[in-house]
Structure formats: C-alpha cells, structure tokens
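The values are calculated or read from the model by the stated rules, or taken from the named source; none is laboratory data. Values in this document were obtained by computation on a predicted structure and should not be read as measured data. Ideal geometry is used to build each Cβ from the backbone, glycine not excepted, and the neighbour counts take in all protein chains shown.
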Amino acid sequence: MPNGVRCGVEECIYNSDYACTAESIEVMSNGNDIVGTTKGTRCATFEFEKHTNRHGEIVR
C-alpha cells in the first residue's frame with residue numbers, strides 16, 4: 001500500500017495507527033444519491049477486527 005492512505009475506521013483489521021496496511025484497497029459507491037460526498041462511498045476492503053466491549057466480552 002502506498003504511503004499516505006489514511007484510515008479513520010479503528011475497527012478495521014488493516015488500520016495501524018490510522019494508516020491502511022492492506023496490500024490494496026477497493027472503494028465503491030454506497031449506491032445512494034450522495035456519491036459526491038464521503039457518505040456516499042465505502043471501503044470494500046474493510047474487515048472487522050475483534051474488539052472487547054465495556055463488559056470485557058469479545059465482539060466480532
């Protein structure tokens with residue numbers, strides 16, 4: 001992955017200190033009418049990383 005690809009999704013397995021570590025990424029449209037904004041796009045490379053909730057339980 002080129003330097004400079006930032007990720008603000010802390011729950012993604014490829015996020016390492018707000019840098020994307022995926023070998024490649026795929027960004028797609030959400031399929032709505034607001035593609036001209038960040039709300040109208042999504043990262044198809046996203047994979048959820050295991051986290052613990054406030055009760056100490058692992059969630060996936």
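Overview of results
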read-out: Selection within region 26-50 - at pLDDT 75 or above, touching a strand residue (DSSP E or B) at 6+ places or on another chain (Cβ under 6 Å) and assigned to a loop (DSSP other than H, G, I, E, B); value: Asn30, Ala44, Phe46
read-out: Of all residues making up region 5-19, the number that are part of a strand (DSSP E or B), over 8 Å from the mean Cα position of the chain (by Cα) and within 17 Å of Lys50 (Cα to Cα); value: 1
